[in-house]
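Just below is one structure, and these are the notes that go with it.
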Amino acid sequence: MNRRTLLLAATSLTALPHLEALAQAGQGDPVRPLVLLTRPQAGAPAAYQAAELIAQEWRKLGLQVELRPMPNQAHSQVVWNERQRWDATMWQMVGRPERGDPDELVFNLFHSANIATGFNFVGYNNPEYDVLAQAQRVEMDQPRRQQIVRQVQELVNRDQPYAFLVHPVNLQAFNKQVFAEASAVNQAGLGIRNFWNWIGLTPTGRQRDIIVNSTEPVKATNPFYISGAPDSWVTDLVWDRMMRVGPDGLPRPWAAETVTQVDATTIDCVLRAGMTFHDGAPVTVDDVVFSFEAPGMGNESPMYRPFVQNIESVSATDARTVRFKLKNPDAAFRISVLAKLNIVSKATWAPVLADYQNRPQNLESYVEERPIGSGPYRFVRSRVNEEVVLEANPNHWAKPKADRWIMRIITNIEATLGAFRRGEINVIADYTGDPDLLKGMAQSQATMIAIREGVDIGFQFVGMNNRRPPFSDPAFRRAMSAAVNREMMAGAAWNGQAVPSNSLVSPALSAWHLPGIEGRVPGANLEGARRLLQEAGYRIVNGRLHYPPGVRETTPAFQ
Amino acid sequence: MKRVLGRLGHALFVLWAIASLTFLLFRLMPGDPTLNFLSESFSDEMRLALLNAFGLDKPLHEQYLLYMWSLLQGDFGVSFLQKRPVLDILLEALPNTAALTVSALVVAYAFGIIAGAYLAFARGTVVEGIAIPAALITRAAPEFWLGMILLAWLSFGLGIFPASGANVAGSEFTSEWARLTSADFLWHLVLPALTLALYLQGLPLLLMRATMLEVLNDEFIVMARMKGLSRWAIVMRHAARNALLPVATAFALGLGQSFGGNVVIETVFSWPGLGRVLVSAVQGADYPLAQGAFIMIAGVLVLMNMVADLLYAWLDPRVSVGAKR
């Protein structure tokens, strides 16, 4: 060993105890303790357990993570109204028929126009994304639009504004001794809780009512008010719409016999002949025009107004044709407007509208003694927290096979199973209990119970606040997302009733989903997450993750 | 009369205090009710419009005055979520709650009084050794557990009683009275009322037994024995009548308390009563409905308190004589 090597070795030995300090001196500040918001365990047990798993993995990356359960109201208040304050939050998007078209989620969740007050509460801001989101909205050619929606998913995968977790798998059941099994209709992403099933389910014996459970009560039955999921199941059946989202997730003509795209901003709808409201009055083009004009008059229907804002004009061109002129081309118009707005009776609602325009309340406050629509079911009654009863409309061109559709509000999930077994209900469409219980019951009573499972349109995710460091750094977000073990989460937190997710477009929407994207999370796993952080300049010093060199921690911790 | 008026004034003061506290309580809760309407199309403009429609953009004192003025006129307002008058919603749920509460209390107190009187008499026997722990266990057991056991046994297992609701799905009735007196309704009522009665019977039973034991040592009972009266006559005509005083008070108070305290049983049996209206209103920050439900429940409680007070004075004149001094 020569003198030079000796000297080097001695220096190294002397410097060894200080190496960590030296490394720390060149490194950025330690990342502040991060807070992951979640709903309380009692309110959302699966999401809470998922949050625990996420916090556990993030801690392995040298982060200090606190799980903060908050009551629903307070949680929404912070996430929605105090957008600069929080770090990360558990959240979910639920599946709805109109989400069969990706536009609603693609545009609203991540377009920069919605950062300040809209649904882009994570503050994702990428001009490249905005261009794609706008392009898919105006692209009328289906294959080209599909291509753009897939590009959108690639971009979201690259930037990881959310860490997508899982798409729930709906578990539903019906009594096949009461209904012909082949008559049950599954809708992509919704399962048997869909319009087509309610009109198609065919009784085989004396029991001729569809009796379906709901864990939530119905709040209102009003064609100009969206007040909750069970409410929309009822309005769906009582009022007709120009189009309906079909079992395949694509829009199809309904009250409109034909829907013709005249040019990029003009759509003609020919109204089906012979339609009548439940009171016997005919459904006319004037009713249709009124139904699309009313939500835009003043602020009479704040929930529906956004859907008609792109309509320049709507007019009857002959006794059966209604022409929509749009301000801008809208590829999702059929699903998000024509399949969403209810056709109401002008004779009933025009005087109400005129009256409410002079009142402080709006149309949402008007309670029809007996709601009148033209849909396949007629409203009979609603008893608070107990049941809603509809009866088949014998004059409808798509008359339901069942006599009545009854929704029972059952708050206790064990009682739901008991009621199903006893025949008090014959369809379980809203099941949030242990999947093994229902599957076990189906196995033991195989001649009676038919089970249906399907991936939901909705998804569960961690929203990372893109405004606040370190989440403002896409590399950091990629690492956080990579650390999440989605397979384990689907099995442990959702009892196997979920599939891994990495996209805002569910695999249930096969026409739009980018196949294989769930297996392509950048970094892939915890090891990959460590590598991504290392490459981005983050270092673990004394067990804590530090920012890249030169980066100071200036963001206040969430209190 | 003066005493009745005094009690009435007292009750009105308590109701005012409850109404004011309820008003403040909901406004101090974090979050605003517009958050219930979150959807992709929800804009700030819509949120402000909703706040305006709910009257929540006004200063707090203005909201308070408006609220108290409406209450004085018997107007509970309109539910934020259901968009119907609060009173209509409450009155729809009230008969179900009243039927459940009254039937359970009657069963619980009838059983409690008889069993309590008997157990006082059977002091030191094997029956007492079994019955007292059994009464304590049913009183201490959580209502939801008791309810689930009864459901699993009598409904899911033996199939005797229905599993949920107050009526068979889709059943039609000519009037609300016809519904409440129908065999269908009463059949649905059995399990929830039995659960509540099992939970409630412990208090009258133990109270009756304790006061009976006290009364049985009184001089007038010794006198009755010396007169050679039968055991039955001593227990029922002399001892029980005197021991009933605290039980009568407990019954009136229990009636008031149970009106609002049935949330758990209503949830287990999906019983469409006031408790569930209150819970969903609180969860949804539906201020007018929650306030209305609270005030209605508090009103019943205050009224029953007053009734208990007056009943006690009527049953035992020593109370009013004491008050005059």
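The values are calculated or read from the model by the stated rules, or taken from the named source; none is laboratory data. Remember, predicted model here, so these are calculated numbers, not experimental data. Quick reminder, even Gly has a Cβ in these numbers, built from the backbone with ideal geometry, and neighbours come from all protein chains shown.
What residue, among those in the stretch A:372-398 that are surrounded by fewer than 21 Cβ atoms within 10 Å (Cβ to Cβ) and part of a loop (DSSP other than H, G, I, E, B), is farthest from the other protein chains (Cβ to nearest Cβ)? Per the stated criteria, the residue is A:W397.
Only a single criterion out of (1) under 25 Å from the mean Cα position of the chain (by Cα); (2) part of a loop (DSSP other than H, G, I, E, B); (3) not hydrophobic (A, V, I, L, M, F, W, C) is not satisfied by A:E518, namely (2).
Just for the stretch B:63-98: of the residues that are assigned to a helix (DSSP H, G or I) and of a type in the set (V, I, T), which one is farthest from the chain's Cα centre (by Cα)? The residue in question is B:V86. On inspection, A:G298 qualifies as within 11 Å of another protein chain (Cβ to nearest Cβ) and more than 23 Å from B:P85 (Cα to Cα). Hey, any hits in the stretch A:465-475 for a residue that's modelled with pLDDT of 95 or more, more than 14 Å from chain B (Cβ to nearest Cβ) and outside any loop (DSSP other than H, G, I, E, B)? Yes: one or more hits.
Comparison of B:T174, B:T181, B:T195 shows that the only residue that is buried (at least 21 other Cβ atoms within 10 Å of the Cβ), at pLDDT 90 or above and among the β-branched types (V, I, T) is B:T195. Tell me which residues, restricted to the stretch B:153-171, are more than 8 Å from chain A (Cβ to nearest Cβ), assigned to a helix (DSSP H, G or I) and modelled with pLDDT of 90 or more. Selection gives B:W153, B:L154. Scanning the stretch A:399-428 for residues that are facing chain B (nearest Cβ under 7 Å) and basic (K, R) gives A:R404, A:R408, A:R421, A:R422. Screening A:N222, A:N213 for residues that are within 14 Å of chain B (Cβ to nearest Cβ) and part of a loop (DSSP other than H, G, I, E, B) leaves exactly one candidate, A:N222. What number of residues within the stretch B:220-277 satisfy the criterion of being more than 14 Å from chain A (Cβ to nearest Cβ), under 11 Å from the mean Cα position of the chain (by Cα) and part of a helix (DSSP H, G or I)? Number satisfying all stated conditions: 10.
Cβ separations smaller than 8 Å between residues 6+ apart or across chains give the following pairs from the stretch A:293-306 residues that are modelled with pLDDT of 85 or more to residues that are basic (K, R): A:P295/A:R305; A:G296/A:R305. Quick check on A:S472: is it under 28 Å from A:M70 (Cα atoms) and surrounded by 18 or more Cβ atoms within 10 Å (Cβ to Cβ)? Judged against the criteria, A:S472 is not a match.
Select, from A:A133, A:A163, A:A116, the only residue that is within 14 Å of chain B (Cβ to nearest Cβ), more than 30 Å from A:T447 (Cβ to Cβ), of a type in the set (A, V, I, L, M) and touching a Phe, Trp or Tyr at 6+ places or on another chain (Cβ under 7 Å). The match here is A:A133.
So that you can scan it fast, the table gives a plain yes or no per residue for (1) closer than 30 Å to A:G298 by Cα; (2) in contact with an Asp or Glu (Cβ under 8 Å, 6 or more places away or on another chain):
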site: A:N197; (1), (2): no, no
site: A:R206; (1), (2): no, no
site: A:F224; (1), (2): yes, yes
site: A:G228; (1), (2): yes, yes
site: A:W233; (1), (2): yes, no
site: A:R241; (1), (2): yes, no
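One residue stands out among those in the stretch A:350-365 that are surrounded by 20 or more Cβ atoms within 10 Å (Cβ to Cβ) and touching a residue at least 60 places away in the same chain (Cβ under 8 Å): the one that is nearest to A:E293 (Cα to Cα), which is A:L363.
The set of residues in the stretch A:72-86 that are surrounded by fewer than 16 Cβ atoms within 10 Å (Cβ to Cβ) and either in contact with a Cys (Cβ under 8 Å, 6 or more places away or on another chain) or at the interface with chain B (Cβ under 8 Å from one of its Cβ atoms) (or both) contains only A:A74.
When the stretch A:225-235 is limited to residues that are more than 10 Å from chain B (Cβ to nearest Cβ) and in contact with a helix residue (DSSP H, G or I) (Cβ under 9 Å, 6 or more places away or on another chain), the one that is nearest to A:K346 (Cα to Cα) turns out to be A:S232. Of the candidates A:D231, A:D248, A:D268, the single residue that is assigned to a loop (DSSP other than H, G, I, E, B) and either surrounded by 18 or more Cβ atoms within 10 Å (Cβ to Cβ) or not basic (K, R) (or both) is A:D248. With the condition kept exactly as written, say whether any residue in the stretch B:200-223 is exposed (fewer than 13 other Cβ atoms within 10 Å of the Cβ), out of contact with any Lys or Arg (no Cβ under 9 Å at 6 or more places or on another chain), in contact (Cβ under 8 Å) with a residue 12 or more places away in the chain and not acidic (D, E). Yes, the stretch B:200-223 contains at least one residue that is exposed (fewer than 13 other Cβ atoms within 10 Å of the Cβ), out of contact with any Lys or Arg (no Cβ under 9 Å at 6 or more places or on another chain), in contact (Cβ under 8 Å) with a residue 12 or more places away in the chain and not acidic (D, E).
Would a scan of the stretch B:110-128 turn up a residue that is out of contact with any Cys (no Cβ under 9 Å at 6 or more places or on another chain) and within 9 Å of chain A (Cβ to nearest Cβ)? No, the stretch B:110-128 has no match at all. Kindly indicate whether A:V122 is within 28 Å of A:R252 (Cβ to Cβ), of a type in the set (V, I, T) and away from chain B (no Cβ under 13 Å). Spelling it out, it is not the case that A:V122 is within 28 Å of A:R252 (Cβ to Cβ), of a type in the set (V, I, T) and away from chain B (no Cβ under 13 Å).
Within the stretch A:545-559, is even one residue surrounded by fewer than 15 Cβ atoms within 10 Å (Cβ to Cβ), modelled with pLDDT under 95 and among the charged types (D, E, K, R)? For the stretch A:545-559, residues surrounded by fewer than 15 Cβ atoms within 10 Å (Cβ to Cβ), modelled with pLDDT under 95 and among the charged types (D, E, K, R): present. Of the residues A:E66, A:E57, A:E52, the single one that is more than 14 Å from chain B (Cβ to nearest Cβ), at pLDDT 90 or above and buried (at least 19 other Cβ atoms within 10 Å of the Cβ) is A:E57. Selection over the stretch A:411-427 of residues that are touching a strand residue (DSSP E or B) at 6+ places or on another chain (Cβ under 6 Å) and not in a helix (DSSP H, G or I) gives a count of 3.
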